[in-house]
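Q: Quick one: the structure is below, and I'll ask about it shortly.
Readers should treat all values here as calculations from the given coordinates under stated rules, not as data from a laboratory. Only a predicted model underlies this, so the values are computations on that prediction, with no experimental measurement involved. Reconstructed Cβ throughout: ideal geometry from the backbone, glycine too, with neighbour counts over all protein chains shown.
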Amino acid sequence: MKTAVFDHKSKPAFIKYCFFFILILASTQTFAQQVRGRVEVIKDPLVDTLIAKRFEMNNAAGVPTAFSSYGYRVQIFSGSNRKDAYSAQARLQDQYPELRTYIIYSEPNFKVRAGDFRTRMEAQKLMQELRSSFSSLFIISEKINPPKTDPDND
């Protein structure tokens, strides 16, 4: 004997299937909306002119563009007195005029660092030479400027 399907049970099942079908259809529509677009950059043409002018000035001055790397510097002074930092820098410049020096202020101390060395051994060599002139010397690893190149040395 067959069992009869009553109307009150078939309507909720039909509604569930319709709801499931609508969810599937809606999810496929949301995936279809992920079309890659085009980005348009609106800028003043003077920006390109300024960038070109900067590269031109750097090339004329002999400054290499977009080159820096990590290396080592020798820290010769660290203290809170600005005059002492500048005097330490002047003493080093008297001994080694070709050596680049940098004064860094990180509150509350001034730090004087020297050199742009690619290897730690080069920095240690300078540190040994300066040991008699300066009491507290440290080798610091940080981003350095490129060494000066000699255009006559080809």
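Q: Sort the following peptides by mean Cβ neighbour count (other Cβ atoms within 10 Å, averaged over residues), highest first: 42-50, 122-130, 107-115, 15-23.
A: Answer by packing, highest mean first, reads 107-115, 122-130, 15-23, 42-50.
Q: Sticking with this structure for a sec: Once phi is turned into ³J(HN,Hα) by the Karplus curve 6.51 cos²θ - 1.76 cosθ + 1.60 with θ = phi - 60°, what whole-Hz value does each residue of the range 69-86 show in order, with x for glycine and proline?
A: Residue by residue, the range 69-86 yields 8, 8, x, 10, 9, 9, 8, 9, 8, 8, x, 8, 9, 5, 5, 5, 5, 5 Hz.
Q: Let me ask something else. Out of all Cα-Cα pairs in the range 70-144, roughly what percent, to the nearest whole number, are more than 18 Å apart?
A: 32
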